[in-house]
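Asker: Let me begin by handing over the structure; questions about it come next.
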Amino acid sequence: MTNAAQQPAPAQSTEAARLLEESIASVREALQGLRYGAISLTVHEGRVVQIDVTEKKRLKPN
């Protein structure tokens, strides 16, 4: 038996799922354009609110 207080309301879970999918799509987009570097996620209250991409470029010696 599950406790109803532990489960989010259907509207909340639908909204949370949509936000999660948007966050995953944004991370995927950042990864597709990155060859070398790092991606940092900032999360507030369980939601991704910022994605920082740091790209490294190696220069060939002359």
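The values are calculated or read from the model by the stated rules, or taken from the named source; none is laboratory data. Computed from a predicted structure; not experimentally measured. Cβ: placed from backbone, ideal geometry, glycine included. Neighbour counts: every protein chain shown.
Asker: Against the definition (at pLDDT 90 or above, of a type in the set (Gly, Ala, Ser) and surrounded by 10 or more Cβ atoms within 10 Å (Cβ to Cβ)), how does Ser23 come out, yes or no?
Answerer: When the stated conditions are applied, Ser23 passes them.
Asker: Of the residues in region 27-62, how many are assigned to a strand (DSSP E or B) and in contact with a strand residue (DSSP E or B) (Cβ under 9 Å, 6 or more places away or on another chain)?
Answerer: Adding up the residues that qualify gives 16.
Asker: Within region 30-62, can you find the residues that are surrounded by 10 or more Cβ atoms within 10 Å (Cβ to Cβ), among the polar types (S, T, N, Q) and farther than 20 Å from Leu19 by Cα?
Answerer: Scanning region 30-62 gives a single hit, Thr54.
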